[in-house]
Amino acid sequence: MRVEIPNRRGEYKPGMQAWITLKSKTRQTVAVPSNALLQGKDGAVVWVQNALGAFENRMVHTGVNNRDFTEITHGLTAGEVVVISGAYLLNSEYIFKQGANPMEGHSM
């Protein structure tokens, strides 16, 4: 990207590094900490608390992200409780008990 920066006093020299913040329109969206997402070959999964207080995995569609948060465009609503620490451990226990694909062999 090329930008023009006023440099009347000659403080900036060619090759100097700079941090630039780009601002855009803001919008309301559902976002989760990026470490709550488990990326797999079939897409992204989060662990969500159900009505009984147990946790279940749920496929979600993701949107824009930064290093801290990822937008969820489908599969999660505002206010739901999402596992953000220990999701990988929870997922590993699930695979250990249910297998990598518990729905294998079923027609859906």
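Throughout, read-outs are computed from the coordinates displayed, never taken from laboratory work. This one's a predicted model, so the numbers in the text were calculated from it and none came from an experiment. Because the Cβ atoms are built from the backbone with ideal geometry, glycine has one as well, and the counts that use them run over all protein chains shown.
Which members of the stretch 38-90 meet the condition of being in contact with a helix residue (DSSP H, G or I) (Cβ under 8 Å, 6 or more places away or on another chain) and aliphatic (A, V, I, L, M)?
Answer for the stretch 38-90, where residues must be in contact with a helix residue (DSSP H, G or I) (Cβ under 8 Å, 6 or more places away or on another chain) and aliphatic (A, V, I, L, M): Leu38, Val45, Val46, Val82, Val83, Ile84, Ala87.
What residue, among those in the stretch 87-102 that are among the small types (Gly, Ala, Ser) and more than 23 Å from His61 (Cβ to Cβ), is surrounded by the fewest Cβ atoms within 10 Å (Cβ to Cβ)? Show your work before the answer.
Pass one, the stretch 87-102, residues among the small types (Gly, Ala, Ser): 87, 92, 99-100.
From what's left, more than 23 Å from His61 (Cβ to Cβ): 92, 99.
Working: Ser92: 12, Gly99: 10.
If we take residues in the stretch 87-102 being among the small types (Gly, Ala, Ser) and more than 23 Å from His61 (Cβ to Cβ), then Gly99 is surrounded by the fewest Cβ atoms within 10 Å (Cβ to Cβ).
Give Thr26, Thr77, Thr70 a once-over and let me know the one that is among the polar types (S, T, N, Q), out of contact with any Phe, Trp or Tyr (no Cβ under 8 Å at 6 or more places or on another chain) and either surrounded by 13 or more Cβ atoms within 10 Å (Cβ to Cβ) or in a helix (DSSP H, G or I) (or both).
Details: Thr26 fails: either surrounded by 13 or more Cβ atoms within 10 Å (Cβ to Cβ) or in a helix (DSSP H, G or I) (or both); Thr77 fails: either surrounded by 13 or more Cβ atoms within 10 Å (Cβ to Cβ) or in a helix (DSSP H, G or I) (or both).
None of the other options fit; the residue is Thr70.
Does Gln17 meet the test of being within 22 Å of Asn66 (Cα to Cα) and either without any contact (Cβ under 8 Å) to a residue 60 or more places away in the chain or out of contact with any Leu (no Cβ under 6 Å at 6 or more places or on another chain) (or both)? So that I can check it myself, show each step before the final result.
Working: within 22 Å of Asn66 (Cα to Cα): yes; either without any contact (Cβ under 8 Å) to a residue 60 or more places away in the chain or out of contact with any Leu (no Cβ under 6 Å at 6 or more places or on another chain) (or both): yes.
Considered against the rule, which asks whether it is within 22 Å of Asn66 (Cα to Cα) and either without any contact (Cβ under 8 Å) to a residue 60 or more places away in the chain or out of contact with any Leu (no Cβ under 6 Å at 6 or more places or on another chain) (or both), Gln17 comes out as yes.
With Val32, Val3 as the choices, which residue is among the aliphatic types (A, V, I, L, M) and either assigned to a helix (DSSP H, G or I) or surrounded by 11 or more Cβ atoms within 10 Å (Cβ to Cβ) (or both)? Write out each step before concluding.
Numbers: Val3 fails: either assigned to a helix (DSSP H, G or I) or surrounded by 11 or more Cβ atoms within 10 Å (Cβ to Cβ) (or both).
Among Val32, Val3, only Val32 is among the aliphatic types (A, V, I, L, M) and either assigned to a helix (DSSP H, G or I) or surrounded by 11 or more Cβ atoms within 10 Å (Cβ to Cβ) (or both).
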